[in-house]
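Inspection log for the structure reproduced underneath, given as structure tokens.
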Amino acid sequence: MAHAEHLDLGSALLLECRRRLYTESLPRIRKCLAALTIDEIWARPNPQTVSAGNLILHLSGNVRQYIIATLGGGRDVRERQAEFDATGPVPAKELIDLLEKTLAEAAEVLEEIDPGTLLETHRVQGFVESGLSILVHVVEHFSYHTGQIAYIVKSRKNVDLGFYRGIDLNAKG
């Protein structure tokens, strides 16, 4: 694949979205779920807080609705509230399989998107959003909940997940 500096803005955005979802967030989620027992995956600290398992279902639903159904023209079958109401126990492997299957379908859509159409608008969840806006939303939403899942692991297990191990985060320039 070409480097982003040789692409038009739309192609560069699509490339960066794939990197953030598949190369950054998905491996982090895999690592997090591997550190938790099934009970910990589905634990809720209080009624207002969802579990890591709920967050995986929610991420899968969001990607399916925004990318697969809206940008890809698939059928929107999402039942958003069910993502939060689920209490498990669905094992980590099944949750990861669901998320990976959803992301694989989304990858096919992202490969087919004409970057020149990213400013066209679509209706999703009662909003009118451009393709560009949809992609930014999905990536930031995915990253946000990946961070929440990491927080669950860190707070339960008192571990450094090592996401930035080997990288000098104090480097300048």
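For the stretch 153-173, which residues satisfy the criterion of being of a type in the set (Gly, Ala, Ser) and either in contact with a Gly (Cβ under 8 Å, 6 or more places away or on another chain) or part of a loop (DSSP other than H, G, I, E, B) (or both)? Passing the criteria: Gly162, Gly166, Ala171, Gly173. Any residue in the stretch 74-93 that is in contact (Cβ under 8 Å) with a residue 60 or more places away in the chain, of a type outside the set (Asp, Glu) and surrounded by 15 or more Cβ atoms within 10 Å (Cβ to Cβ)? Within the stretch 74-93, none of the residues are in contact (Cβ under 8 Å) with a residue 60 or more places away in the chain, of a type outside the set (Asp, Glu) and surrounded by 15 or more Cβ atoms within 10 Å (Cβ to Cβ).
Yes/no matrix, rows are residues, columns are (1) buried (at least 18 other Cβ atoms within 10 Å of the Cβ); (2) in a helix (DSSP H, G or I); (3) touching a residue at least 60 places away in the same chain (Cβ under 8 Å):
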{"residue": "Ser25", "(1), (2), (3)": "yes, yes, yes"}
{"residue": "Cys32", "(1), (2), (3)": "yes, yes, yes"}
{"residue": "Leu36", "(1), (2), (3)": "yes, no, yes"}
{"residue": "Asn46", "(1), (2), (3)": "no, no, no"}
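If the requirement is being surrounded by 13 or more Cβ atoms within 10 Å (Cβ to Cβ) and not hydroxyl-bearing (Ser, Thr, Tyr), which of these qualifies: Leu161, Leu119? Can you show your working first?
Working: Leu119 fails: surrounded by 13 or more Cβ atoms within 10 Å (Cβ to Cβ).
The match here is Leu161.
Any idea which residue in the stretch 125-135 is most open to solvent (accessible area, probe 1.4 Å), counting only those that are touching a helix residue (DSSP H, G or I) at 6+ places or on another chain (Cβ under 8 Å) and at pLDDT 95 or above? Step by step, filter the stretch 125-135, then rank; the result is Leu132. Given the conditions (1) open to solvent by 70 Å² or more (accessible area, probe 1.4 Å); (2) within 20 Å of Arg28 (Cα to Cα); (3) not small (Gly, Ala, Ser), which single one is not true for Val138? Val138 satisfies every listed condition except (1). When each of Val50, Val77, Val90 is tested for being over 19 Å from Arg156 (Cβ atoms) and either among the β-branched types (Val, Ile, Thr) or part of a loop (DSSP other than H, G, I, E, B) (or both), the lone residue that passes is Val77. If a residue has to be under 15 Å from Gly72 (Cβ atoms) and either among the basic types (Lys, Arg) or part of a helix (DSSP H, G or I) (or both) to count, how many in the stretch 116-136 make the cut? Summing the residues that are under 15 Å from Gly72 (Cβ atoms) and either among the basic types (Lys, Arg) or part of a helix (DSSP H, G or I) (or both) in the stretch 116-136 gives 5.
Restricting to the stretch 94-110, name every residue that is open to solvent by 50 Å² or more (accessible area, probe 1.4 Å) and over 14 Å from the mean Cα position of the chain (by Cα). Answer for the stretch 94-110, where residues must be open to solvent by 50 Å² or more (accessible area, probe 1.4 Å) and over 14 Å from the mean Cα position of the chain (by Cα): Glu94, Glu108.
The values are calculated or read from the model by the stated rules, or taken from the named source; none is laboratory data. If you're wondering where the values come from, they're calculated on a predicted model, not measured in any experiment. No Cβ is skipped: glycine too gets one built from the backbone with ideal geometry, and neighbour counts run over all protein chains shown. All accessible areas refer to the heavy atoms of the entire protein, side chains included, with ligands and DNA or RNA removed. Shrake-Rupley method; radii C 1.70, N 1.55, O 1.52, S 1.80 Å.
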